[in-house]
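Colleague: Okay, here's the structure, questions in a sec.
Any read-out appearing in this document is the output of simple, stated calculations on the displayed coordinates, not a laboratory observation. Source: prediction; values computed, not measured. For neighbour counting, all protein chains shown are included, and Cβ atoms are generated from backbone atoms with ideal geometry for every residue, glycine included.
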Amino acid sequence: MHLLATLMAMMAMVGISISTLALSGCGERQKTQAPVTPLPATGTPISFSAVCAACHGLRGEGNVMLRTPSIAGLPDWYVTVQLGKFRANQRGTDPLDPEGQRMHAVARTLSGDDITNLAATIAAMERHPTQNTQGGDAARGKPFYDDYCSACHRYNGSGELAFNSAPLTGLQDWYLLAQIAKFRAGIRGGAARDEDGAKMHVVANDLTDAQFRDVVAYIAQLGERYRD
């Protein structure tokens, strides 16, 4: 049953991805697709290539066409926390969040052991530093980062277990801006008992879009400065 549920979720995930791209007018479908890896037999550990790679890439680099983040190098505790939120209906239930809905469907098929194994695999991957692709100004973004972000996400953007705050310097700048928009609208961070998300909901409404573009430009600079 576990294997069947995982397979069904992955099929649903692909279907939603294609329809989302069609509705958003993202252009032509990618010419190459992630290799399809057979699911492991029932009772064997779920692998990254079977569950995650189709959307997040074999190296965990993410995919702008599918709006999936780079997850390589995320610490195991953060992956575990976020998958737990998807499983607890704290993320990915809003119909305006098709990317979150995909993750919600997949996360609910995973066992505790699956999550532990996947989190360890992701944490061991080489991080892909944030790049400035949105045209923000890092110099303008630094004071905003210092005032609004560094207390929880730390001076180097590495995140903090004590606050369940995400490492930022391995996430794409377009993804960071997309998450800010979701926090601002209450699509993310609006669920009951999501205290971490509620804090981000407040912060997301304190700065403008242009200011956040500058912030993520500074995060990209941090990603280069603290690569190791």
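Colleague: Where does each of R108, R225 land when they are ranked from fewest to most other beta-carbon atoms within 10 angstrom? Please list the in-between numbers first.
Modeller: Details: R108 16, R225 11.
So the residues, fewest neighbours to most, are R225, R108.
Colleague: Can you pull the one-decimal nm distance between simple spin-label points at A192 and D209, each 7 Å off the Cα toward Cβ?
Modeller: The two pseudo-label positions are separated by 3.4 nm.
Colleague: Within segment 191-206, list the residues whose amide N lies under 16 Å from a label point set 7 Å along Cα→Cβ of A88.
Modeller: The answer is 191-200.
Colleague: How would segment 69-136 be classified by its alpha-carbon gyration tensor: rounded, prolate or oblate, with rounded meaning a/c under 1.5 and the a/b versus b/c comparison settling the rest? Mind showing how you got there, number by number?
Modeller: On the way: a/c = 2.74, a/b = 1.16, b/c = 2.36.
Oblate is the answer for segment 69-136, as a/c is 1.5 or above yet b/c matches or exceeds a/b.
Colleague: While we're looking at this one, here's another question. Taking the simple approach of a point 7 Å from Cα along Cα-to-Cβ for both A181 and A139, what is their distance in nm?
Modeller: 2.9
Colleague: Within a Cβ distance under 12 Å of Y155, other residues only, what is the Lys/Arg minus Asp/Glu net charge? Could you put the intermediate results ahead of the total?
Modeller: Working: positive: K142, R154, R225; negative: D146, E160.
Net local charge, Y155 excluded: +1.
Colleague: What does the charge dipole of segment 145-190 about its Cα centre add up to, to the nearest 20 debye, if the Cβ of each Lys and Arg holds +1 and the Cβ of each Asp and Glu holds -1? Provide the component values of the computation, followed by the final result.
Modeller: Numbers: 4 positive and 4 negative charges, 48 e Å.
Taking the Cα centre of segment 145-190 as origin, the dipole is about 240 debye.
Colleague: In percent, how large is the relative contact order of segment 128-228, given Cα pairs closer than 8 Å and 6 or more residues apart? Could the numbers behind the result be given before it?
Modeller: On the way: 158 pairs, mean separation 46.1, N = 101.
Computed value for segment 128-228: 46 percent relative contact order.
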